[in-house]
Amino acid sequence: MEIAQSLQQIQSSYIREILSAACNKNVISLAGGLPDEQAFPIDLMRPTLTQLAEMPNVFQYGATAGYGPLLDFLQHHFALPDSHKVMMCTGSQQGLDLIARAYINPGDTVVMEAPSYLGAMQVFGLVSANIVTVAQNAHGPDLVQLEQCFEQQSPKMFYAVPDFHNPTGVCWSLETRQQVAALCIKYNVAFIEDAPYRELRFSGNPIPLVSDFCPEHSIVLRSFSKIASPGLRLGAVSGKIAFLDPLIKVKQGADLHSSVPMQALLLGLLQHDNFGLHIDKIRALYKTRYQVLFDALQQQLPVTCGMNSVEGGMFIWVTLPECDTFALAKTLLANGVAVVPSPVFYPEAHPAQAALRLNFTNATAEELQEAVRRLTDVLHNTLAVI
Ligand SMILES: Cc1ncc(COP(=O)(O)O)c(C=O)c1O
């Protein structure tokens, strides 16, 4: 049976391949976007796990939008007005898929920053969207390019990760957030705000969501993967009711609803008295690891490489002189360190800046130091002969 044309154009995920190679115990992986499993709040989930045995109702089919008590909690927690609502999804990845299926016709234009989250490019590719990119700078998207693009191409939506971007770690400035919101209102473009790393801020001051400045023109995707556990597969989508209702319709066809026992478990966790302390703990842990990675890179990277500091999230983006980053990633793997080369974060036809994405949340401080030794040894040898 021939596979659909929309699927034929999707590259097999290089990340999956590299992640499986990185399982080798001699390899230190900075490739995945994995939280530290030692930091999963399993103790805080224990009371609800016990209570679930007495709650047969949550093992029944449930409502497509989500488990009622959790939705009520999140409506308040996210400070949503009555004109807006929240719906649960099977990871924020599913929220993205539902948005694409509910709103994108083949050929509709979706704007993204370049580079951008690979999973979003896959989702929009699967509905045959016309993906258009704008460059990203240290404060967010290039606003001149963005306005030109909005004016000339009338896109349907602008998808972005303003908080601690995957892969670059960039956090949009307040001014950029306000200006992007103003452009979305002016040109009637829906802003799809993907915020899975928002709670992982370990320095600097919190900044409002972009959507706070354009609440009628936006949909927000949140994830519980990074602050609770990815295996729960729970995320939330919020926005004005008219934007959310079509998503519920698509979700009915996709999976009826997300797991109700897992939603009840998440509610118990979010309401636990010590959940705030848990967030403080993971922020402190990731800050320490980030600092170890950043300092080691600063001391040992060849001068032709570059990187920016980050205030949260999971990634450092190391820029390189022009080179074959796939070949470099392969050599690095053979030398015991797994990283992700930059072209996977660009649409296929787009020229990629030579760079590597390094994760700092999953390896220990000692592993990070050893990984930098291996990485910079290879870089000094290969970049010297380019
Ligand atoms: C930017 C971005 N969006 C969405 C996701 C998917 O998250 P979830 O586990 O909630 O599906 C990820 C996962 O790494 C991500 O980096």
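Only the coordinates and a few stated rules stand behind these numbers; no lab work does. Quantities reported herein were computed from a predicted structural model and do not represent experimental measurements. Cβ atoms come from the backbone with ideal geometry, glycine included; neighbour counts cover every protein chain shown.
Once you have a ≥ b ≥ c as the square roots of the Cα gyration tensor eigenvalues for the stretch 121-276, tell me rounded if a/c is under 1.5, and otherwise prolate or oblate according to whether a/b is larger than b/c.
oblate
Would you please report the Å³ per residue occupied by the convex hull of the alpha carbon atoms in the stretch 343-386?
Per residue, the Cα convex hull of the stretch 343-386 comes to 80 Å³.
In whole angstrom, note down how far apart the Cα centers of the stretch 131-168 and the stretch 329-386 are.
Centre-to-centre (Cα) distance: 26 Å.
Checking the cross-link filter: which lysines have an alpha carbon closer than 28 Å to that of residue 249, excluding same-chain neighbours under 8 positions apart?
85, 156, 226, 240
Taking the Cα centre as origin and putting +1 on Lys and Arg beta-carbons and -1 on Asp and Glu beta-carbons, what dipole magnitude results for the stretch 44-271, to the nearest 20 debye?
Here the size comes out at about 420 debye.
Please give the FRET efficiency for residue 216 paired with residue 3, using the beta carbon to beta carbon distance and R0 = 51 Å, rounded to the nearest 0.05.
Efficiency, from the Cβ-Cβ distance: 0.85.
Anything in the chain that counts as a DSSP H helix reaching 18 Å or more along its axis (C-alpha) with Kyte-Doolittle mean of at least -0.5? List them, would you? Please report the intermediate quantities before stating the final value.
Details: long enough: 91-103 (19 Å, -0.17); 174-187 (20 Å, 0.11); 241-255 (21 Å, 0.46); 275-300 (38 Å, -0.27); 365-384 (28 Å, -0.28).
Result, helices passing both filters: 91-103, 174-187, 241-255, 275-300, 365-384.
In whole Å, what are the extents of the stretch 83-125 along the principal axes defined by its C-alpha atoms, from largest to smallest?
Over the stretch 83-125, Cα extents along the principal axes are 30, 20, 18 Å.
Within a 10 angstrom radius of the beta carbon, how do 186, 226 rank from fewest other beta carbons to most?
186, 226
Sorted by packing (mean other beta-carbon atoms within 10 Å per residue), highest first, where do 202-214, 294-306, 170-182, 227-239 land?
Highest to lowest by the protection proxy: 227-239, 170-182, 202-214, 294-306.
With a bin width of 20 angstrom, please list the P(r) values of the chain as percents of all Cα-Cα pairs, from the 0 bin to the one holding the largest distance.
Final binned percentages: 27, 59, 14, 0.
With +1 on each Lys and Arg Cβ and -1 on each Asp and Glu Cβ, how big is the dipole of the chain about its Cα centre, in debye rounded to the nearest 20?
Details: 24 positive and 34 negative charges, 74 e Å.
The calculation lands at about 360 debye.
Sort 149, 89, 323, 23 so the one with the fewest other Cβ atoms within 10 Å of its own Cβ comes first. Let's see the in-between values first.
Values: 149 22, 89 28, 323 15, 23 9.
Least to most surrounded, the residues fall as 23, 323, 149, 89.
In whole Hz, with x marking every Gly and Pro, tabulate ³J(HN,Hα) for the stretch 159-165 from phi via Karplus 6.51 cos²θ - 1.76 cosθ + 1.60, θ = phi - 60°.
Computed from phi, the couplings for the stretch 159-165 are 9, 7, 10, x, 9, 6, 3 Hz.
Rounded to whole Å and sorted largest first, what semi-axes of the equivalent ellipsoid does the C-alpha gyration tensor of the stretch 32-165 yield via the square root of 5 times each eigenvalue?
Square roots of five times the eigenvalues give 35, 19, 15 Å.
Which cross-chain or sequence-distant (5 or more) residues have an amide H under 5 Å from the amide H of residue 201, H modelled 1.01 Å from N in plane?
313
Calculated FRET efficiency, residue 203 and residue 256, Cβ-Cβ r, R0 45 Å, to nearest 0.05?
Efficiency computed from Cβ-Cβ geometry: 0.60.
Could you work out the relative contact order of the chain, using alpha carbon pairs under 8 angstrom and six or more residues apart, expressed as a whole percent?
The value is 24 percent.
What is the extension gain from residue 82 to residue 249, computed as 0.36 nm multiplied by their sequence separation minus the C-alpha to C-alpha distance, in nm to one decimal?
Taking 0.36 nm per residue and subtracting the Cα distance, the gain is 58.1 nm.
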